[in-house]
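Peer 1: Sharing a structure with you now.
Read-outs throughout are calculated quantities, based only on the coordinates presented, and are distinct from any laboratory measurement. The structure presented is a predicted model; accordingly, all values stated were derived computationally and were not measured. FYI the Cβ positions are ideal-geometry reconstructions off the backbone, even for glycines, and counts take in every protein chain you see.
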Number of protein chains: 2
Amino acid sequence: MQSLRRLLPVLAVVLMVFAGTMVVPLLFALLGPDDGLLDHVQAMAITFICGLALFIATRSRRSELQPRDGFLLVTLVWTVLPAFGTLPLLLHLPDLSFTDAYFEAVSGLTTTGATVLTGLEKLPTSINVWRCFMVLIGGMGILVLVVAILPLLGVGGSQLFRAESAGPMKDQKLTPRIAETARGLWTVYFTLALACFLAYRWAGMGWADAFMHMCSTMGLGGFAAYDASFGAFDSVAIEVVAIVFMLLAGINFALYFLVLKRRSLKPLWSDIEARSFFALMAGSVLLVALFLLAHGVYPDFATALRHAAFSVVSVATTTGFATVDYAQWPMFAPVLMLFLCGFATCAGSTGGGIKLIRSLVMLKAAKRDMTRIVHPRAVLPVKIGGTLVSNQVIFSVLAFMLIYGSVMVLATLLLLFSGLDIVSSFTAVVACINNTGPGLGQVGPSGNYQGLSDFQTWVCTITMLLGRLELLSVLVLFTPQFWRT
Amino acid sequence: MQSLRRLLPVLAVVLMVFAGTMVVPLLFALLGPDDGLLDHVQAMAITFICGLALFIATRSRRSELQPRDGFLLVTLVWTVLPAFGTLPLLLHLPDLSFTDAYFEAVSGLTTTGATVLTGLEKLPTSINVWRCFMVLIGGMGILVLVVAILPLLGVGGSQLFRAESAGPMKDQKLTPRIAETARGLWTVYFTLALACFLAYRWAGMGWADAFMHMCSTMGLGGFAAYDASFGAFDSVAIEVVAIVFMLLAGINFALYFLVLKRRSLKPLWSDIEARSFFALMAGSVLLVALFLLAHGVYPDFATALRHAAFSVVSVATTTGFATVDYAQWPMFAPVLMLFLCGFATCAGSTGGGIKLIRSLVMLKAAKRDMTRIVHPRAVLPVKIGGTLVSNQVIFSVLAFMLIYGSVMVLATLLLLFSGLDIVSSFTAVVACINNTGPGLGQVGPSGNYQGLSDFQTWVCTITMLLGRLELLSVLVLFTPQFWRT
Ligand SMILES: [K+]
Ligand SMILES: [K+]
């Protein structure tokens, strides 16, 4: 409870800043013919007043944060902000339930991009801007979370994620350290975002569309302004831009520091995780393209490659845009894609899932034990890209993977228990825990999460949150040790 | 290759003993009106002659086995024996392909119990006796493998499985040590088998049925002499006997040593794995019974409990008998059952899957890391039932689990790639790697593996073998380190 007291003023500030971000959809409402204006003004006012009231009520208790406060803070931010993020939706769509609106807002801020809405093209642009803009904000938050906060907390092997550029941090206070890292990351993030925005515009999107889909792309979110997602554009140029920026957003943003500092693209290639990421993507795209061609899904290789490249990169980077209903492809392809989304993105990106680096650690640890069977007395260090991985990090990653698996099983059983079919249940959980968005079956690329019951929606909401906050940072709050002392 | 030379005479002896076991179906063929007699005589002769020829050709090279030879030996035994185990089937059923016959024999000797045959009741009793007897032999082999051989080899944390009674083994030679442990285990195994046989007879089965289903029960195999499996009997008494002996065969056989030595049932209860096993079974049965009642699948609690108890125990102990088509139940129940079969049986039993002890080690290791997040500097040993678990064992278990997961994913993708539907693909792999037998969909309790293509059948066959031989003991053969030196 001490912890909560220290955190409430911080949360209040975050809330007021969040209210400030609502100016973006408001501007779109002012610019265009748009009937969402009043909703955004009200939402912004309510959010700001709540933040201000909380700040006034709690500011006297301000004191320096401690590392452990991070766990509670990230959980508070990612559960409280979506509650206010629902306001524009609830005000504009009076029939929308809070359960569904909260799902939508969590989906945005966790960059999952699963939606409960249909008829997106009939919504005011400003509402769609708000949905997509939440993804951009979520992506920013995640970068700070995984690059600056989690490594300090030692969650699930994320000590590994500390990039070269970060340097020692022992003697510094928490807040300035995080702020400094965040500034650097966001500079890169917004530079790329601007490039993506201009590229979409150049490829033929309107200004508003370019802005919205840039937000969704940079956050690897997957919200679109059309029910048909990227299928609505049917443009190779737009798809190529999307693929390029999904790939760029899927690698560790800290690497871009190095690229800028050294004025060379070499860091991208010398990083084992980024290299594995590009190789995995290229290999999977080629495999799926050949598979689709062999099964006669598309008449020629060029068409097969076009659709395979977009869909594989979209799902494997946990983005979730769709140009075609890939659930209609022979099942091997979509299942492979969903499998990839579990681990294909890099740590320090805006993508979800286990992350490639954790998979590499696990693979190397397993390989070591295979060798140990043959040479029981050998001393075998685990190394990733030349760096020694300590046993403690391996154990952290192990705990992470085990809890990841357990949450998946438990959530799937809960959905089955509530009556959802087996394919929808399992793939909804995979799509939510990895913050991908579309699954298969009822929640596939041509369907959405609208048909779920309230109970099922909450299971998916909690799964998205757990996945986004790297599981342990939330679950540790439920251990008695956390609250003792 | 040195290793292979030392092993071939051993394999030859094993093959001749295997030929000897073919006397059992032969006796059944002699006793009853049965047209399988000649097939069994031929199969026995071929197997014995092959074994003898191999022995004569290789006996001059006999030398003391070394621990590492164990890997190659178990893989050889479990791939070569089924090839000869197919003979009675191939001779009697000329239309049966070798692929299918080999699947059936591997299914028996790995105690999986998945079948490619239909019209079982029309087969001669002696053929069904051979199918079931292979399960009993397989069960015996597995007990020696997991209690005596694997702990010496240090595979996948199975050092843990060394029961109290085993004592130190450093200074002893390999062969007498294994032989001594095997004798003790088999005494217990055949005592229980006799009790099971008499109990089935008492409950109303005929002598031949009692023998066959005893074999299948003790090995947790799941082969039956009827297409309808245990549904053919429709007898509560028989189902109760089956449940009791499936549970008895699902715990560590080494515990029965202690029960006999101390003349007390206390060791069963003081063993944390056995206790968890019973608690898990009781809890799951009750949960499924209540779930079925709530969904109106059965009209009253007694009926729901009867069918839930049989089906849950049958699948969770990796046996795979069926009294009803539980694939028709709301999906939560069969999926929960299949999930349980992945880890519910105890190490040192004839059951398949990860084993409870490994799951307990992983859970405790994960729990330690949750605590470590809050107390980064705490020294936290992992203990199971008061015994310290070394980091090396935790790493072994980790490697095991990771390879287990990877094989499952890979095999599922291969089945999907070959065109099988998603539910059948995934559950076939779960049912094969855990040596359970029936999955869902096409390979569910009312269907079988007959409809699979040759490619799909081979994927399942290899998955059964990998699961049975605890993965690492086979896969280590594919590392270059194994063959070096
Ligand atoms: K996404
Ligand atoms: K079985």
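Peer 1: Given points 7 Å out from each Cα along the Cα-Cβ axis, report the B:Ala45 to A:Leu287 separation in nanometres with one decimal.
Peer 2: Each label point is offset 7 Å from its Cα along the Cβ direction, giving 5.0 nm.
Peer 1: How large is the dipole of the protein assembly as shown about the Cα centre if only Lys and Arg carry +1 and Asp and Glu carry -1, each at its Cβ, rounded to the nearest 20 debye?
Peer 2: In debye, rounded to 20, the protein assembly as shown gives about 4780.
Peer 1: Structure shown: which of A:Lys261/A:Lys367; A:Lys266/A:Lys383; B:Lys261/B:Lys367 lie over 32 Å apart, alpha-carbon to alpha-carbon?
Peer 2: A:Lys261/A:Lys367; B:Lys261/B:Lys367
Peer 1: Report Rg/Rh for segment B:351-481, rounded to two decimals, where Rg is the Cα radius of gyration and Rh the Kirkwood radius.
Peer 2: Result: Rg/Rh = 1.09.
Peer 1: If you average over every viewing direction, what projected area does the convex hull of the Cα atoms of segment A:246-377 give, in nm²?
Peer 2: Projected area, direction-averaged: 10.4 nm².
Peer 1: Here's another thing I want to ask about it. For every other residue with a beta carbon closer than 14 angstrom to the beta carbon of A:Leu265, add +1 if it is Lys or Arg and -1 if Asp or Glu, then tell me the sum.
Peer 2: Counting the neighbours of A:Leu265, the net charge comes to +4.
Peer 1: Taking segment B:328-379, which trypsin sites (Lys or Arg not before Pro) meet the DSSP loop condition and have no more than 13 other C-beta atoms within 10 Å?
Peer 2: B:Arg377
Peer 1: Using a simple charge model, +1 on the beta-carbon of Lys and Arg, -1 on the beta-carbon of Asp and Glu, nothing else, what dipole does segment A:288-424 show about its Cα centre, in debye to the nearest 20?
Peer 2: Once rounded to the nearest 20, the dipole reads 820 debye.
Peer 1: Also, quick follow-up: Where does the charge balance sit around B:Phe343 when Lys and Arg score +1, Asp and Glu -1, over other residues with C-beta under 12 Å from its C-beta?
Peer 2: +1
Peer 1: Something else about it: With unit charges on the beta carbon (Lys/Arg positive, Asp/Glu negative), name the residue among B:Gly139, B:Met401, B:Phe482 whose Cα is farthest towards the positive pole of the charge dipole of chain B.
Peer 2: Final value for the positive-end residue is B:Phe482.
Peer 1: Separate question: Compactness ratio of chain B: Cα Rg over 2.2 N^0.38 Å, N = residue count?
Peer 2: 0.95
Peer 1: Turning to a different aspect of this structure: With each run of n ≥ 4 DSSP H residues scored as -39500 (n - 2.57), what mean residue ellipticity at 222 nm is computed for the protein assembly as shown after dividing by its residue count and rounding to the nearest 500 deg cm²/dmol?
Peer 2: Rounded to the nearest 500, it is -20500 deg cm²/dmol.
Peer 1: Something else: Cα-Cα pairs above 22 Å in segment B:21-135: how many percent?
Peer 2: Pairs farther apart than 22 Å: 37 percent.
Peer 1: For segment A:313-390, divide the Cα radius of gyration by the Kirkwood radius and give the resulting Rg/Rh value with two decimals.
Peer 2: Result for segment A:313-390 is an Rg/Rh of 1.16.
Peer 1: I would also like to ask the following. Picking from A:Ser270, A:Val315, A:Pro299, whose Cα lies most toward the positive end of the charge dipole for segment A:261-341 (charges on Cβ: Lys, Arg +1; Asp, Glu -1)?
Peer 2: A:Ser270
Peer 1: What does the charge dipole of segment B:187-341 about its Cα centre add up to, to the nearest 20 debye, if the Cβ of each Lys and Arg holds +1 and the Cβ of each Asp and Glu holds -1?
Peer 2: 700
Peer 1: Same structure again: Anything in chain A that counts as a DSSP H helix reaching 18 Å or more along its axis (C-alpha) with Kyte-Doolittle mean of at least 1.0? List them, would you?
Peer 2: A:2-21, A:37-58, A:69-85, A:125-144, A:236-249, A:272-294, A:301-316, A:391-417
Peer 1: What ratio of Cα Rg to 2.2 N^0.38 Å holds for the protein assembly as shown?
Peer 2: With N residues counted in the protein assembly as shown, Rg over 2.2 N^0.38 Å equals 1.00.
Peer 1: Mind listing the long-range amide H neighbours of A:Val382? Cut-off is under 5 Å, sequence gap 5 or more, other chains count too, H placed in the peptide plane at 1.01 Å from N.
Peer 2: Answer set, sorted by chain and number: A:Val389.
Peer 1: For segment A:74-133, what log10 I(q)/I(0) values come out of the Debye formula at q = 0.17, 0.20, 0.26 1/Å, with one point per alpha carbon and no solvent?
Peer 2: Debye curve over Cα of segment A:74-133, log10 I(q)/I(0) at q = 0.17, 0.20, 0.26 Å⁻¹: -0.50, -0.69, -1.17.
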